There are 2 protein chains.
Amino acid sequence: MPTAHEIATLSLKQHLGSAVSTDADALYRASFDGMKLSFLPSAVVSVRNDAHVGSVLKLANLHNVPVTTRGGGTSLTASASPFKGGWVLDMTPLNSVEIDALEGLAHVEAGAIVATVQQSAESHGWMYPPDPSSVKHSTIGGNLACNAGGLRGAKYGVTRDYVVALEGYLPTGERVCWGRPLRKWAVGYNMRDLWIGSEGTLGVITKATLRLIPRPEQKATFLAAFASEEEALNAVIKIAEARFIPVALEFLDTESVSGLENFTGTSVFPECPGAAILLIEIDGNASQIETQRAFLRNTIAPLTKGFRTANSEEEAESFWNVRRKCSPAMFAHGDSKLNEDIVVPLRSQLKLIEFLRTLRTSSGLHIPTFGHAADGNFHVNIMYNRDDANACERAKKAVKELMSAVVSMGGAISGEHGIGLAKSDYLRLQCSDNELQAMLAIKKALDPKGILNPGKIFTPYPAWEKRPEKIRLAWDHRGD
Amino acid sequence: MPTAHEIATLSLKQHLGSAVSTDADALYRASFDGMKLSFLPSAVVSVRNDAHVGSVLKLANLHNVPVTTRGGGTSLTASASPFKGGWVLDMTPLNSVEIDALEGLAHVEAGAIVATVQQSAESHGWMYPPDPSSVKHSTIGGNLACNAGGLRGAKYGVTRDYVVALEGYLPTGERVCWGRPLRKWAVGYNMRDLWIGSEGTLGVITKATLRLIPRPEQKATFLAAFASEEEALNAVIKIAEARFIPVALEFLDTESVSGLENFTGTSVFPECPGAAILLIEIDGNASQIETQRAFLRNTIAPLTKGFRTANSEEEAESFWNVRRKCSPAMFAHGDSKLNEDIVVPLRSQLKLIEFLRTLRTSSGLHIPTFGHAADGNFHVNIMYNRDDANACERAKKAVKELMSAVVSMGGAISGEHGIGLAKSDYLRLQCSDNELQAMLAIKKALDPKGILNPGKIFTPYPAWEKRPEKIRLAWDHRGD
């Protein structure tokens, strides 16, 4: 006798035919995302048109089958993993991108790769600013689901800031549009922004209209080394005090830089190996570049132990490679990494650095830290060996202590990755019961059967106890 | 025997003492907003601290009393009127403004006047860009409730774009914070943006953290007259094609300009009286101003019948006065005005102008139109005499035809005023049943007893049939 769930999946196949796959390989590939916690689904639907989504959701509600929406699968929080099994909506076949060059809008389907959207915009002389490090692999739908940030956030904000309108389906399968391709809209509730960042739990996005901005004329890139992490972060404050808004202002702590230098065998600044670093990118017209460059030269450079200006695209790339290579270098300190994307106010950055030092001592672990200093959004990377039970315990304890410390500094437990399963255990440190009850009431109102991406965000899950898959993903930096 | 409602109000007085007023004058003043439809409340609570709000809402839920939140009362849609009676929360006593000059944030209480926030930001070298025409009278809370737009929207967007975090109370009286004073936040659902623009139906905002931007170094103002409305709007397209983003790009149609000229007795451009006008403001550093000025001089000026550059602050003010005086001048065409803040896509602007001409003919009414052309957000002003029953009927029919036409052009029935009671009758032209059901499910989830601002947005109301109060408000332009 087939189970109720098996009957549901048969019915799904009957409705959607070859769009539905149940072969073991497809199921395995859809069973995890960038966090690599595997939960097998019972079917994967290759979404070929909008209406597929509605049909799947209607059937899922009828048969009580969990549904998880999947883009590029680059989530670092397991938010795209089919935690409770059921069906996966693979949105990647829906990937058209159309640029409206007059209005400065991009009409994109959810499965479009972010880099493709950026390139399409550029080919029309426009710019789509959000630039998460997964840009070549993640989809717009996924970026919307977690409100992705990225490297240009200091000046250009996050994904939400570029969304004009969304189309898609309610968890119960009804088609809806939130907003229109217009510059203003004051009609009813703002469901658009409620969907953005809700990690695929309140609806399925099939299309988005994105706002583009004129491309800046020029850019310039700088690398600065400081006598200490404190000196580097004081420079960040100086930049903020000057009301100077760089495109990127990336901080690398001494542990990140030393690790990188051991990994590559060369010093970034031979005159001061292992020094904390700021990577600064600015853009604008010639006069803006000149003003900003002068400020950096006259006010910031004197605070440094080393200061370099990129004289070519290639040199700018080499500066960015310093930032990019920090990630693979970290694996010298352990085979596993907890990348916590916490946020603190500008004036708590020094306190955070101090706290991380005590955390290294108390945990006995390496915790190389880098991040978007202008936003106060740091990636704290707790390194350990998965087979060392004692190190695992210490890492687990360190994360919890980090989260508590961040909240006590007035910060946030996540700035751009979201909660998913990874941070569900810490959500109550940040949000009050009143706040969570309101969010859950909304979930219940829109998804009465709890069909869509169940178990994410709100139910504390001991993500720690589940072993990640030993698999190398296309975007894994390790060893690159 | 006192009624249940009277007992509830007695209990309110017992709890909040002198903060509660039931005198006839206070009740009358709180009975209407800028739309002047009067609905008497049974008590007005002068909110002196955050906790007052929680207490009022708890009592209101206990006794089933409607509650309406009120800021400056400048709403043009009756969204701040106590439509179902009950209690009014007067937020104006909660009006502190604190600038965090380092982080570039303003911490404000809901009752703070928007102009005060702007001035406080400026005194610290920062800028709070949203600039609705009610700026001297409306509160931040009210601006958040309707996601106010304004005159700088072309470059700087709307209120929502500057909100970092909100504090306040759920309709059921529990205190909540949505977001923190941080540049990034990816924790749980985005209730902040759900509250913004929900017209006081989903919660009561008591505090907000607003993002400020560095003040632009310079600005410049221009006035251009065109041979026809089409020529003026073609210039708007030329500006869009050049990816040139002015701070303001205000369009005045020929009927607005002729009306103004009759009203003041002088021609704006003596060389072409009654010509359609664009008012253009730009800002930036010296080099940006120069580039933009050159573009206007070389590309736009040749398309005009008259082109003027403001050579002083006073002259710029006089250009702005052309725009401002259009409103009072309109009352030569009738004692009543329907100001419809519709939005159309850039490429439908000419179609809108054509439609308005046929509407003038079919209705026999004056319909002077101006607005924020870069956003496609026009104020279509249908003028009529309230005591002329036939004109009333024609005006009513004209609004309905306008709304249908706008929606069929891919536009929006409101760009910045919201729905309130005024547009509730047209909401179904714009939103599908699926969309409205989802919004109503959220309302029900957060406000199960329907306590907060009942009857607004979703229930069609024949606003037409209720006579507005004959009263002059502080911000009424008429005759100024």
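The values are calculated or read from the model by the stated rules, or taken from the named source; none is laboratory data. Not measured: the values here are computed from a predicted model. Here Cβ is always computed from backbone atoms with ideal geometry, including for glycine, and neighbour counts include all displayed protein chains. The accessibility values were calculated without ligands, DNA or RNA, using every heavy atom of the protein model including side chains. Shrake-Rupley method; radii C 1.70, N 1.55, O 1.52, S 1.80 Å.
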Can you tell me which residues in the stretch B:420-439 are out of contact with any Cys (no Cβ under 9 Å at 6 or more places or on another chain), in contact (Cβ under 8 Å) with a residue 12 or more places away in the chain and either crowded, with 16+ Cβ neighbours inside 10 Å or over 25 Å from A:Asp447 (Cβ atoms) (or both)? B:Leu421, B:Ala422, B:Lys423, B:Ser424, B:Asp425, B:Tyr426, B:Leu427, B:Leu429, B:Gln430, B:Leu436
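If you go through the stretch A:465-475 one residue at a time, do you hit one that is within 14 Å of chain B (Cβ to nearest Cβ), touching a Phe, Trp or Tyr at 6+ places or on another chain (Cβ under 8 Å) and open to solvent by 10 Å² or more (accessible area, probe 1.4 Å)? I'd like the intermediate steps shown before the answer.
Just the residues of the stretch A:465-475 that are within 14 Å of chain B (Cβ to nearest Cβ), to begin with: none.
There is no residue in the stretch A:465-475 that is within 14 Å of chain B (Cβ to nearest Cβ), touching a Phe, Trp or Tyr at 6+ places or on another chain (Cβ under 8 Å) and open to solvent by 10 Å² or more (accessible area, probe 1.4 Å).
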Let me spell it out: the conditions are (1) more than 13 Å from every other protein chain (Cβ to nearest Cβ); (2) surrounded by 19 or more Cβ atoms within 10 Å (Cβ to Cβ), and A:Cys146 meets all of them except one. Which number is the exception? (1)
A:Pro454, sole failed condition from (1) surrounded by fewer than 19 Cβ atoms within 10 Å (Cβ to Cβ); (2) away from chain B (no Cβ under 14 Å); (3) part of a loop (DSSP other than H, G, I, E, B): (1)
Considering the stretch B:91-123, residues that are within 10 Å of B:Leu212 (Cα to Cα) and in a loop (DSSP other than H, G, I, E, B), and then whichever is nearest to the chain's Cα centre (by Cα), we arrive at B:Gly104
For the stretch A:178-191, name all the residues that are surrounded by fewer than 24 Cβ atoms within 10 Å (Cβ to Cβ) and more than 7 Å from chain B (Cβ to nearest Cβ). A:Gly179
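Could we say that A:Lys449 is under 22 Å from the mean Cα position of the chain (by Cα), in a loop (DSSP other than H, G, I, E, B) and under 18 Å from A:Leu170 (Cα atoms) here? Can you show your working first?
Values: under 22 Å from the mean Cα position of the chain (by Cα): no; in a loop (DSSP other than H, G, I, E, B): yes; under 18 Å from A:Leu170 (Cα atoms): yes.
Against the criterion (under 22 Å from the mean Cα position of the chain (by Cα), in a loop (DSSP other than H, G, I, E, B) and under 18 Å from A:Leu170 (Cα atoms)), A:Lys449 does not qualify.
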Select from the stretch A:159-175 the residues that are within 7 Å of another protein chain (Cβ to nearest Cβ) and either under 25 Å from B:Arg211 (Cβ atoms) or surrounded by fewer than 22 Cβ atoms within 10 Å (Cβ to Cβ) (or both) and list them in ascending order. A:Glu174, A:Arg175
Would a scan of the stretch B:371-381 turn up a residue that is out of contact with any helix residue (DSSP H, G or I) (no Cβ under 9 Å at 6 or more places or on another chain) and either basic (Lys, Arg) or more than 26 Å from B:Pro345 (Cβ to Cβ) (or both)? no
If you scan the stretch A:402-419, which residues turn out to be open to solvent by 10 Å² or more (accessible area, probe 1.4 Å), more than 7 Å from chain B (Cβ to nearest Cβ) and within 21 Å of the chain's Cα centre (by Cα)? A:Val407
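Yes or no, residue by residue, for (1) on the phi > 0 side of the Ramachandran plot; (2) open to solvent by 30 Å² or more (accessible area, probe 1.4 Å); (3) free of Cβ contacts under 8 Å to residues at least 12 places away in the same chain; (4) not hydroxyl-bearing (Ser, Thr, Tyr):
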residue: B:Asp23; (1), (2), (3), (4): no, yes, yes, yes
residue: B:Ala30; (1), (2), (3), (4): no, no, no, yes
residue: B:Gly34; (1), (2), (3), (4): no, no, no, yes
residue: B:Val44; (1), (2), (3), (4): no, no, no, yes
residue: B:Val65; (1), (2), (3), (4): no, no, no, yes
residue: B:Gly71; (1), (2), (3), (4): no, no, no, yes
residue: B:Trp87; (1), (2), (3), (4): no, no, no, yes
residue: B:Thr92; (1), (2), (3), (4): no, yes, no, no
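May I ask you to verify whether B:Val53 is assigned by TED's automatic domain parsing to the domain that holds B:Val204, in contact (Cβ under 8 Å) with a residue 12 or more places away in the chain and crowded, with 21+ Cβ neighbours inside 10 Å? Even if it seems obvious, please write down each step before you answer.
Numbers: assigned by TED's automatic domain parsing to the domain that holds B:Val204: no; in contact (Cβ under 8 Å) with a residue 12 or more places away in the chain: yes; crowded, with 21+ Cβ neighbours inside 10 Å: yes.
Spelling it out, it is not the case that B:Val53 is assigned by TED's automatic domain parsing to the domain that holds B:Val204, in contact (Cβ under 8 Å) with a residue 12 or more places away in the chain and crowded, with 21+ Cβ neighbours inside 10 Å.
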Count, please, the residues in the stretch A:108-126 that happen to be within 14 Å of chain B (Cβ to nearest Cβ) and buried (at least 19 other Cβ atoms within 10 Å of the Cβ). 2
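Kindly establish whether B:Gln437 is under 21 Å from the mean Cα position of the chain (by Cα) and within 11 Å of chain A (Cβ to nearest Cβ).
Here the answer is no, as B:Gln437 does not meet what is asked.
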From B:Glu199, B:Glu229, B:Glu167, B:Glu217, grab the single residue that is at pLDDT below 95 and charged (D, E, K, R). B:Glu217
Result of the Cβ filter at 6 Å on the stretch B:233-249, keeping first residues that are under 20 Å from B:Gly150 (Cβ atoms) and partners that are surrounded by fewer than 18 Cβ atoms within 10 Å (Cβ to Cβ) and basic (Lys, Arg), at least 6 apart or interchain, is B:Ile245/B:Lys155; B:Val247/B:Lys155
Report, by residue number, each residue of the stretch A:215-257 that is open to solvent by less than 40 Å² (accessible area, probe 1.4 Å), closer than 22 Å to A:Ile289 by Cβ and within 12 Å of chain B (Cβ to nearest Cβ). A:Val236, A:Ile239, A:Ala240, A:Phe244, A:Leu249
Cβ-Cβ under 9 Å, sequence separation 6+ or interchain: first residue in the stretch A:195-206 and facing chain B (nearest Cβ under 9 Å), partner of a type in the set (Asp, Glu) and part of a loop (DSSP other than H, G, I, E, B). Which pairs? A:Thr201/A:Asp447; A:Leu202/A:Asp447; A:Gly203/A:Asp447
Hey, any hits in the stretch B:387-401 for a residue that's surrounded by fewer than 18 Cβ atoms within 10 Å (Cβ to Cβ), assigned by TED's automatic domain parsing to the domain that holds B:Asp425 and in a loop (DSSP other than H, G, I, E, B)? yes
Quickly run through the stretch B:399-419 and pick out the residues that are in contact with a Ser or Thr (Cβ under 7 Å, 6 or more places away or on another chain) and farther than 15 Å from B:Ala463 by Cβ. B:Met409, B:Gly410, B:Gly411
Mind checking which residues of the stretch A:324-373 are acidic (Asp, Glu) and touching a Leu at 6+ places or on another chain (Cβ under 9 Å)? A:Glu340, A:Asp341
Of the conditions (1) farther than 30 Å from A:Leu338 by Cβ; (2) of a type in the set (Ser, Thr, Tyr); (3) within 28 Å of the chain's Cα centre (by Cα), A:Thr22 satisfies every one except a single condition; which number is it? (3)
